[in-house]
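Undergrad: Sharing a structure here in structure tokens format.
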Amino acid sequence: MPHPSDKDDDSGPGVSRRTFLKTAGVGAAASSLAGVAISQAAGAKVLGPGPVPLTLKVNGAARTVTVEPRVTLLRALRNHLDLTGAKEICDRGACGGCTVLFDGEPIASCLMLAADAEGHEITTVEALGTPEAMSPLQAAFVEADALQCGFCTPGFVVASTALLRKNSNPTLEEVKDGLAGNICRCGTYSRVFEAVQKAARTTAPTRPVKRG
Ligand code: FES
Ligand code: FES
């Protein structure tokens, strides 16, 4: 069943973001048009409002998507590139479910426009390992039973990967700090922390290893 977020607009019950914007007033529209005019006069590139082609570097490959400029990186990944590992949960940068690596740094992809990601290296959880070739970190999640519903897990795996690449031997406090932006509604934190510390004791904890 499709998740309500698996579309690019926000239509649905109640006042949608689109409806709100439509009714927000002539003043805002006028001032926005004035801003566009100023940008054009200054030679700045103005995208949209219709779909525009973008080339994103995702998991080592150049991928082209045609999306409206308001589309977030998360929705471009999920809805246009079929990379559904990153989850849309809060859609406001508060839960970490949508974490991806942006030039190696963990970011909330729900807070970034796809257009702003052009020219940067995006790495999603799909590139960090597969069931046949998990990284020691992913294997430690499995062994520590560090998930219940699993919805938060991709975000934790991406954030933990970034953490271990920077700090190969984190203390428990450092693990907690590194994962502070990720929320697990099932409350599996202690097992997630255990998995990260267990993986830290292996060599190359974030490199996928082919398993028998
Ligand atoms: S969906 Fe992006 S931080 Fe929650
Ligand atoms: S395992 Fe369910 S939200 Fe974390």
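Undergrad: Restricting the first residue to the range 187-201 and requiring it to be more than 18 Å from A162 (Cβ to Cβ) and open to solvent by less than 20 Å² (accessible area, probe 1.4 Å), which pairs with a second residue that is away from ligand 1 (no atom under 16 Å from the Cβ) and of a type in the set (S, T, N, Q) meet a Cβ separation below 7 Å and a spacing of at least six or different chains?
TA: T188/Q148
Undergrad: Check off (1) modelled with pLDDT of 95 or more; (2) away from ligand 2 (no atom under 16 Å from the Cβ); (3) of a type in the set (V, I, T) for I38 and give me the number that stays unchecked.
TA: Of everything listed in (1) modelled with pLDDT of 95 or more; (2) away from ligand 2 (no atom under 16 Å from the Cβ); (3) of a type in the set (V, I, T), I38 misses just condition (1).
Undergrad: Any chance the range 168-177 includes a residue that's in contact (Cβ under 8 Å) with a residue 40 or more places away in the chain and of a type in the set (A, V, I, L, M, F, W, C)? Talk me through it step by step, then tell me what you get.
TA: Initial filter on the range 168-177 (in contact (Cβ under 8 Å) with a residue 40 or more places away in the chain): none.
No; the residues of the range 168-177 include none that is in contact (Cβ under 8 Å) with a residue 40 or more places away in the chain and of a type in the set (A, V, I, L, M, F, W, C).
Undergrad: Still on this model: Between a residue in the range 107-118 that is at pLDDT 95 or above and any residue that is within 14 Å of ligand 1 (Cβ to nearest atom) and part of a helix (DSSP H, G or I), which pairs come within a Cβ distance under 6 Å, given they are 6 or more apart or on different chains?
TA: Listed pairs, sorted by first residue: S109/L73; S109/L74; C110/L74; M112/L73; A114/L73; A114/A76; A117/L73.
Undergrad: Sort out which residues of the range 65-93 are aliphatic (A, V, I, L, M) and either in contact with a helix residue (DSSP H, G or I) (Cβ under 7 Å, 6 or more places away or on another chain) or within 16 Å of ligand 2 (Cβ to nearest atom) (or both), and write them in order of number.
TA: If the condition is that a residue be aliphatic (A, V, I, L, M) and either in contact with a helix residue (DSSP H, G or I) (Cβ under 7 Å, 6 or more places away or on another chain) or within 16 Å of ligand 2 (Cβ to nearest atom) (or both), then V65, V67, V71, L73, L74, A76, L77, L83, A86, I89 are the ones that fit.
Undergrad: Does V209 count as among the hydrophobic types (A, V, I, L, M, F, W, C), in contact with a Cys (Cβ under 8 Å, 6 or more places away or on another chain) and farther than 18 Å from L101 by Cα?
TA: Taking the combined requirement at face value, the residue does not satisfy it.
Undergrad: What number goes with the only condition from (1) away from ligand 2 (no atom under 14 Å from the Cβ); (2) within 16 Å of G85 (Cα to Cα) that G155 does not pass?
TA: Only one criterion in (1) away from ligand 2 (no atom under 14 Å from the Cβ); (2) within 16 Å of G85 (Cα to Cα) is unmet by G155, namely (1).
Undergrad: Among all residue pairs at least 6 apart or on different chains, which show Cβ distances below 7 Å where the first residue, located in the range 152-163, is touching a residue at least 24 places away in the same chain (Cβ under 8 Å) and crowded, with 24+ Cβ neighbours inside 10 Å and the second is among the polar types (S, T, N, Q) and assigned to a helix (DSSP H, G or I)?
TA: Listed by first residue and then by second, the contacts come to V157/Q138.
Undergrad: Further question on the same structure: Residues of the range 94-109 being within 16 Å of ligand 2 (Cβ to nearest atom), open to solvent by less than 40 Å² (accessible area, probe 1.4 Å) and not in a strand (DSSP E or B), which ones?
TA: Scanning the range 94-109 gives C95, G96, G97, C98.
Undergrad: Name the residue that is nearest to ligand 1 (Cβ to nearest atom), counting only residues in the range 110-127 that are part of a loop (DSSP other than H, G, I, E, B) and within 28 Å of L137 (Cα to Cα).
TA: M112
Undergrad: Which ones in the range 142-154 are more than 16 Å from ligand 1 (Cβ to nearest atom) and either under 19 Å from C95 (Cα atoms) or modelled with pLDDT under 95 (or both)?
TA: A146, L147, Q148, listed by residue number.
Undergrad: I would also like to ask the following. Is it true that V58 is on the phi < 0 side of the Ramachandran plot, open to solvent by less than 20 Å² (accessible area, probe 1.4 Å), modelled with pLDDT of 95 or more and more than 16 Å from ligand 1 (Cβ to nearest atom)?
TA: yes
The values are calculated or read from the model by the stated rules, or taken from the named source; none is laboratory data. Computed from a predicted structure; not experimentally measured. Note that we place each Cβ from the backbone using ideal geometry, even for glycine, and neighbour counts take in every protein chain shown. For accessibility, only protein heavy atoms count, side chains too; no ligands or nucleic acids. Shrake-Rupley method; radii C 1.70, N 1.55, O 1.52, S 1.80 Å.
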